[in-house]
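Report on the following structure.
The values are calculated or read from the model by the stated rules, or taken from the named source; none is laboratory data. Computed from a prediction, not measured in an experiment: that's the story for all the values here. Glycine gets a Cβ as well: all are built from the backbone with ideal geometry, and neighbour counts include every protein chain shown. For accessibility, only protein heavy atoms count, side chains too; no ligands or nucleic acids. Shrake-Rupley method; radii C 1.70, N 1.55, O 1.52, S 1.80 Å.
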Amino acid sequence: MCGIVGYIGERSASPLLLECLKRLEYRGYDSSGVALAIAPGNIEVTRAQGKLSSLETKIESLNGYAAAARAGIGHTRWATHGKPTELNAHPHRSHDGKIVVVHNGIFENYAELKAELADAGLQLQSDTDTECFPVLLSHLMQGGLGFTDAFRAAVARMRGIYAIACMHADDPDRVLLARSGPPLVIGAGDGEYLFASDLMPLLSHTRNIIFLDDGDLAEVTRQGVRVFNLEGEPLERPAQHIGWDAVAAELGTFDHYMQKEIFEQPEAVARALAGRLPGDGGRLTLGLPFSEEELAGLEKVRILACGTSWHAGLVGKYLIEELAQIPVEVDYASEYRYRAALPEKNTLAIAITQSGETADTLAALKQAKRRGARTLAICNVQGSQATRQAEASLLTEAGPEIGVASTKAFTTQLAVLTLLAIELADNKQTLDGQLRQELVSALRELPARLESLRLIETQMKELARELHGASNALYLGRGQLYPVALEGALKLKEISYIHAEGYPAGEMKHGPIALIDENLPVVALMPSDSHRERTLSNLQEAAARDGKLVAFVTRGDRSLDSIAYRVVEMPEVHPCLAPIFYSIPLQLFAYHVARLRGCDVDRPRNLAKSVTVE
């Protein structure tokens with residue numbers, strides 16, 4: 001959602017803050033701003049509506065004053081309370097102008113605090129929930145508290161979720177931070193510290209990262225970082241070394257991050273599998289802390305996720321039930337957290353989240369833990385809240401994903417879920433040895449075989465040129481490819497703004513068939529698997545109603561040539577790995593449709609990369 005950055009050290013803060021804010025643009029925003037400690041007693045706040053270029057122009061107009069600042073905080077805002085105007089942009093000041101604050105999240109009790117401050121004669125200027133914090137903090141300091149103690153007292157008054165960075169004009173060499181929900185990380189450099197709501201802005205400066213936990217407060221100076229709780233008691237938060245190469249986050253020769261990340265999938269999947277596949281006939285190496293007896297005794301798996309990760313969870317359900325024969329329930333995290341609190345005995349709860357910071361998924365994971373489930377996170381970010389909250393974690397190793405529409409995060413989640421299904425099957429002894437070996441061999445070949453899908457982009461470009469004028473689209477699949485139909489439809493609607501729906505092919509006649517005419521693209525996934533004949537019947541029904549049938553079939557399958565608008569031939573693959581293969585051309589199709597429609601591919605409207613509020 002919103003983005004926070006900050007710096008304190010010996011370098012000029014303003015260019016660093018702008019660079020870091022640009023690395024957060026992918027999260028989505030509608031205004032931005034920075035606060036620069038120009039001199040003791042003087043913090044200069046600059047804000048702008050719209051793109052960061054507007055903010056950059058305003059900072060340049062400070063006639064060199066900005067270059068003197070050696071500390072500052074910055075923000076990109078995604079509007080929640082109040083319209084996306086300069087007045088509502090962050091940073092926000094206290095009524096005396098001394099304190100500046102940037103904030104991600106929502107203060108749920110801001111109306112109550114606003115009324116309380118009004119009774120004290122302090123009127124807020126903006127429509128935001130954020131402004132109540134610096135005004136309250138200043139009010140507490142006027143009552144005799146020092147900056148840090150007043151900060152603790154103000155944080156204690158806040159209800160909701162938040163990440164906060166705060167500076168005081170009279171104490172410019174100190175930045176105070178607080179986290180309860182949205183992520184906040186600190187990068188430790190040589191005599192300098194950077195902090196942000198995401199790893200991405202920090203990686204080109206340092207890979208030594210301190211992750212703040214929920215309930216943590218921190219004081220950052222040039223001399224170091226002190227982490228403590230609301231009572232002021234010190235906490236140990238050692239720095240962790242992040243292995244991501246900053247170059248991996250750069251656009252390179254690609255036109256968009258989404259395009260780059262689509263083509264990074266063979267390498268990303270290779271990293272997800274590396275070191276985990278067994279030798280001939282051996283066990284996988286997943287490093288899970290559960291005993292073989294515990295895994296063998298599982299009676300249910302509960303998958304908790306949102307958005308694209310939920311689609312991955314649906315594929316995971318198919319894989320685990322097919323291979324390990326354990327019943328699986330897949331829940332939207334936002335729904336599970338509010339359901340009746342039934343016990344989860346002998347249950348493994350799996351939270352799937354790219355960022356490890358998705359608010360609903362984290363809340364659902366806590367619920368499952370309280371209900372007695374064992375917990376596992378499938379995540380892309382080491383040290384994120386999900387990996388620390390769960391008993392165990394499996395990293396997807398996708399590397400930085402900048403585009404808001406997830407691509408390589410999805411396919412690496414599928415690769416990890418396949419490994420987990422095999423591991424559970426080994427403990428349940430439900431997988432035939434020959435079938436197991438075939439699947440393991442297919443996994444070994446998977447990255448190299450995915451490289452061949454680069455050749456399909458030309459077809460997807462052509463298909464996009466023919467169909468980008470459509471207003472609606474229908475995606476169909478069966479079995480393990482039904483979730484891929486859902487994901488393909490999601491990609492199209494996310495970045496091209498074409499309404500699209502994914503459906504099980506067998507359900508088409510229960511409603512969607514009424515929509516089919518010569519103007520409706522019907523994208524069908526029909527590999528040569530056990531569902532092929534039934535899917536073929538469904539597609540013939542669609543073609544009979546003049547739907548523009550785009551069929552993805554196994555190479556050599558000619559059964560739809562006479563009725564399909566276009567047939568796209570796919571390589572023959574192991575059925576368990578078909579979701580990975582079939583998702584990639586759908587990503588490319590959505591990408592090229594969005595480009596032709598003039599959409600902002602990497603930053604689609606109204607969307608954010610990591611949804612850290614409910």
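Within segment 174-185, the residues that satisfy the criterion of being over 14 Å from A71 (Cα atoms) and either open to solvent by 20 Å² or more (accessible area, probe 1.4 Å) or within 19 Å of the chain's Cα centre (by Cα) (or both) are R179, S180, G181, P182, P183, L184, V185. Restricting Q413, Q437 to residues that are touching a Gly at 6+ places or on another chain (Cβ under 9 Å) and crowded, with 22+ Cβ neighbours inside 10 Å narrows the list to Q413. Taken together, the residues in segment 504-520 that are within 13 Å of A473 (Cβ to Cβ) and buried (at least 23 other Cβ atoms within 10 Å of the Cβ) amount to 0. For segment 545-553, does any single residue satisfy the condition of being surrounded by fewer than 23 Cβ atoms within 10 Å (Cβ to Cβ) and in a loop (DSSP other than H, G, I, E, B)? Yes, segment 545-553 contains a residue that is surrounded by fewer than 23 Cβ atoms within 10 Å (Cβ to Cβ) and in a loop (DSSP other than H, G, I, E, B).
Just name the residue that is farthest from the chain's Cα centre (by Cα) out of those in segment 263-278 that are over 14 Å from I580 (Cβ atoms) and among the hydrophobic types (A, V, I, L, M, F, W, C). Checked segment 263-278; the qualifying residue farthest from the chain's Cα centre (by Cα) is L277. What is the residue count in segment 114-143 for residues that are surrounded by fewer than 22 Cβ atoms within 10 Å (Cβ to Cβ) and among the aliphatic types (A, V, I, L, M)? Of the residues in that region, 7 qualify.
The one condition from (1) assigned to a loop (DSSP other than H, G, I, E, B); (2) touching a residue at least 24 places away in the same chain (Cβ under 8 Å); (3) open to solvent by 50 Å² or more (accessible area, probe 1.4 Å); (4) out of contact with any strand residue (DSSP E or B) (no Cβ under 6 Å at 6 or more places or on another chain) that A156 does not meet is (1). Inspection of segment 599-608 identifies at least one residue that is in contact with a Gly (Cβ under 6 Å, 6 or more places away or on another chain), closer than 30 Å to P182 by Cα and of a type in the set (G, A, S). Taking the criterion of being surrounded by fewer than 24 Cβ atoms within 10 Å (Cβ to Cβ), over 22 Å from L419 (Cβ atoms) and under 16 Å from the mean Cα position of the chain (by Cα), the only residue of segment 361-394 that qualifies is A363.
Only one of the listed residues (E445, E462) is within 17 Å of Y582 (Cα to Cα) and surrounded by fewer than 15 Cβ atoms within 10 Å (Cβ to Cβ). That residue is E445. When segment 416-434 is filtered for residues that are among the β-branched types (V, I, T) and open to solvent by less than 20 Å² (accessible area, probe 1.4 Å), the ones remaining, listed by number, are V416, T418, I422.
Taken over segment 465-487, the criterion of being assigned to a strand (DSSP E or B) and open to solvent by less than 50 Å² (accessible area, probe 1.4 Å) is satisfied by A473, L474, Y475, L476, G477. Residues in segment 39-58 that are surrounded by fewer than 22 Cβ atoms within 10 Å (Cβ to Cβ) and under 20 Å from G9 (Cα atoms): A39, P40, G41, N42, E44, V45. Could you say whether any residue in segment 191-213 is modelled with pLDDT under 90, open to solvent by 10 Å² or more (accessible area, probe 1.4 Å) and more than 30 Å from the chain's Cα centre (by Cα)? Taking every residue of segment 191-213 in turn, at least one turns out to be modelled with pLDDT under 90, open to solvent by 10 Å² or more (accessible area, probe 1.4 Å) and more than 30 Å from the chain's Cα centre (by Cα). Within segment 557-569, the presence of at least one residue that is open to solvent by less than 10 Å² (accessible area, probe 1.4 Å) and in contact (Cβ under 8 Å) with a residue 40 or more places away in the chain is confirmed.
Sub-8 Å Cβ pairs linking a first residue in segment 358-384 that is within 18 Å of E299 (Cα to Cα) and touching a residue at least 40 places away in the same chain (Cβ under 8 Å) to a second residue that is among the aromatic types (F, W, Y) and open to solvent by less than 10 Å² (accessible area, probe 1.4 Å), at least 6 apart or interchain, are A368/Y336, ordered by first then second residue. Restricting segment 311-357 to residues that are without any contact (Cβ under 8 Å) to a residue 40 or more places away in the chain and among the β-branched types (V, I, T), which is farthest from N104 (Cα to Cα)? Once the filter is applied, the top-ranked residue is V328.
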